[in-house]
Amino acid sequence: MADGKMSNPGAVGLGGFALTTFVLNLANAGLVPAALFAVLPLGLFYGGLTQFIAGFFEFKTGNTFGMTAFSAYGAFWIALAFLIYMGPIWHWIPDAAFGAALGVTLIAWTIFTAIMTVLVFNTKHTTVITIFVLLLILFILLDIGHYTGSKAITTFAGYEGIITALAAWYGMYEAIKAQFDLTT
């Protein structure tokens, strides 16, 4: 870019998060069960690698929150995809250990998301606050669904996850649209 202005890496980060979250939660909601197979490559690349890279570009802009969120959730998607490949698909993790491994992973990410949700209120950015509140609710529902074995809660979490993805896509839209606003 001739003027040295850097584009907003949050747009592609939110896009990767939204799309991967949407596809996974189509499976969780029971709307498209086979979507789970589509989410694994997405978790490695668009939700994972692309979001991870967006985090490093946020670092370049000086946005510690964006850097932490995008690089961490990008790593989350990569780790989740590997956990599923290594567990049920490639059987590198004993079947009896997979549930515990997934459960502790979900709990840890719920804690991380709770911290990020508390911090996001400092931004005063309604869309970003909405995304994180919805994401925290999603993780809590996934935790409850996982540990209770409740199909109803997991299905409800899937629908809530779809709403979370739509909020993130809206955030992506806002980030891209801001490029065209004369006032920014």
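The values are calculated or read from the model by the stated rules, or taken from the named source; none is laboratory data. Worth saying up front: this structure is predicted, and the values here are computed from it rather than measured. Heads up, the Cβs are rebuilt from the backbone with ideal geometry, glycines too, and the neighbour counts pull from every protein chain shown. These accessible areas exclude ligands, DNA and RNA; they are computed on the full protein's heavy atoms, side chains included. Shrake-Rupley method; radii C 1.70, N 1.55, O 1.52, S 1.80 Å.
If you check Ile115, Ile111, Ile137, Ile129, which single one turns out to be under 23 Å from Leu36 (Cβ atoms) and without any contact (Cβ under 8 Å) to a residue 40 or more places away in the chain? Don't jump to the end; show me each part of the working.
Values: Ile115 fails: under 23 Å from Leu36 (Cβ atoms); Ile111 fails: under 23 Å from Leu36 (Cβ atoms); Ile129 fails: under 23 Å from Leu36 (Cβ atoms).
Every option except Ile137 fails the conditions.
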Checklist entry - In this structure, is Ala96 closer than 20 Å to Val23 by Cα and either assigned to a helix (DSSP H, G or I) or at pLDDT 95 or above (or both)? => result no
Item to check | Yes/no for Tyr46 being touching a helix residue (DSSP H, G or I) at 6+ places or on another chain (Cβ under 8 Å), hydroxyl-bearing (Ser, Thr, Tyr) and open to solvent by 50 Å² or more (accessible area, probe 1.4 Å) | outcome: yes
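Let's see how each residue does on (1) among the aliphatic types (A, V, I, L, M); (2) at pLDDT 95 or above:
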position	(1), (2)
Phe52	no, yes
Phe57	no, yes
Lys60	no, no
Tyr85	no, no
His91	no, no
Val104	yes, yes
Thr110	no, yes
Val120	yes, yes
Lys124	no, no
Checklist entry - Listed residues Val23, Val39, Val104; which is under 23 Å from Tyr147 (Cα atoms), open to solvent by 50 Å² or more (accessible area, probe 1.4 Å), of a type in the set (Val, Ile, Thr) and in a helix (DSSP H, G or I)? => result Val104
